[in-house]
1. Hey, among ASP75, ASP46, which residue is free of Cβ contacts under 8 Å to residues at least 40 places away in the same chain and farther than 12 Å from VAL175 by Cα?
2. Consider only pairs whose beta carbons are under 7 Å apart and that are at least six residues apart or on different chains; among these, list those whose first residue lies in segment 159-174 and is among the basic types (Lys, Arg) and whose second residue is loosely packed, with under 15 Cβ neighbours inside 10 Å and not in a loop (DSSP other than H, G, I, E, B).
3. Only one of ALA108, ALA82 is touching a residue at least 12 places away in the same chain (Cβ under 8 Å), surrounded by 22 or more Cβ atoms within 10 Å (Cβ to Cβ) and touching a helix residue (DSSP H, G or I) at 6+ places or on another chain (Cβ under 7 Å). Can you tell me which?
4. So, in segment 62-84, exactly how many residues are assigned to a helix (DSSP H, G or I) and either out of contact with any Ser or Thr (no Cβ under 6 Å at 6 or more places or on another chain) or farther than 12 Å from VAL180 by Cβ (or both)?
5. Looking only at residues that are outside any loop (DSSP other than H, G, I, E, B) and among the β-branched types (Val, Ile, Thr) in segment 11-56, which one is nearest to ASP144 (Cα to Cα)?
6. Can you tell me which residues in segment 85-103 are in contact (Cβ under 8 Å) with a residue 60 or more places away in the chain, more than 16 Å from the chain's Cα centre (by Cα) and assigned to a loop (DSSP other than H, G, I, E, B)?
7. Residues in segment 5-17: is at least one loosely packed, with under 12 Cβ neighbours inside 10 Å, in contact with a strand residue (DSSP E or B) (Cβ under 7 Å, 6 or more places away or on another chain) and modelled with pLDDT of 95 or more?
8. Would you pick out the residues in segment 35-50 that are small (Gly, Ala, Ser) and in contact with a Gly (Cβ under 6 Å, 6 or more places away or on another chain)?
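The values are calculated or read from the model by the stated rules, or taken from the named source; none is laboratory data. Everything quoted here is computed from the prediction, not taken from an experiment. Don't worry about glycine lacking a Cβ; one is built from the backbone with ideal geometry, like all the others, and counts go over all protein chains shown.
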Amino acid sequence: MITIRRLFTHIEDIFHEFGPVVPKPLRRGAIAAVMTNPFAGRFVPDIAPFMEELKPVGLMLAKKLIAGLQCAAADIQSYGKAAIVGAAGELEHGALWHAPGGYGMREALGWKSDAVTGGGAQPGNALAIVPSTKKVAGPGATIDVPLTHLNASYIRSHLDAIEVRIPGAPAADEVAYILVMSLGPRIHERLGGLRVDEIKRWDGQR
């Protein structure tokens, strides 16, 4: 049921946001798979099995985005996901991306299913829930994809978003599944709060 028409990648380097130019720019990016929506134009009561079909797509996109960012998986500090459903689809078709996109990206970044059981988790396992958003829209629509720190959702410096727009997509019978990653916090973050080096609980929250 997977028919991908396009892969779209967006990479950016931010040198400043109307403040001092930083020594090392912030690199972040997004990747999207524009694919046929197998449920477009009709109501299908049971769509959940399609999540299994999407799992390899999530892992593939995550690996391609890391490669596009020209970094190691260990360099990624924050992440997020989104979906834009074409006009012949429904919001629930975008919600199908929650598990495949989230777990695919976390797997590519070092998360293991047994990391949060038994002896507890260790730093760098992509422990935090992957924030997400979704919408039904036409070709060329924009979507703001949220970012949070991959190991602790309460890290204030990494609360951000990436605006994603795929020219000419999705068509009415398509859906665009999106992943985003960043190699650091907001370029001029200075609002305090919990710092990365203060993460203690390793439960994905604090």
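1. Working: ASP75 fails: free of Cβ contacts under 8 Å to residues at least 40 places away in the same chain.
From the options ASP75, ASP46, the qualifying one is ASP46.
2. Cβ pairs passing all conditions: ARG165/THR142.
3. Checking each option against the conditions leaves just ALA108.
4. To start, the set of residues in segment 62-84 that are assigned to a helix (DSSP H, G or I) comprises 62-68, 73-75.
Now restrict to residues that are either out of contact with any Ser or Thr (no Cβ under 6 Å at 6 or more places or on another chain) or farther than 12 Å from VAL180 by Cβ (or both): 62-67, 73-75.
Qualifying residue count, segment 62-84: 9.
5. Of the residues in segment 11-56, the ones outside any loop (DSSP other than H, G, I, E, B) are 11-14, 26-36, 50-56.
Now narrow it down to the ones that are among the β-branched types (Val, Ile, Thr): 11, 14, 31, 34, 36.
Values: ILE11: 15, ILE14: 17, ILE31: 13, VAL34: 17, THR36: 22 Å.
Only one residue tops the list, namely ILE31.
6. Residues satisfying the conditions are GLY86, ALA87, ALA88, GLY89.
7. Yes: one or more hits.
8. ALA40
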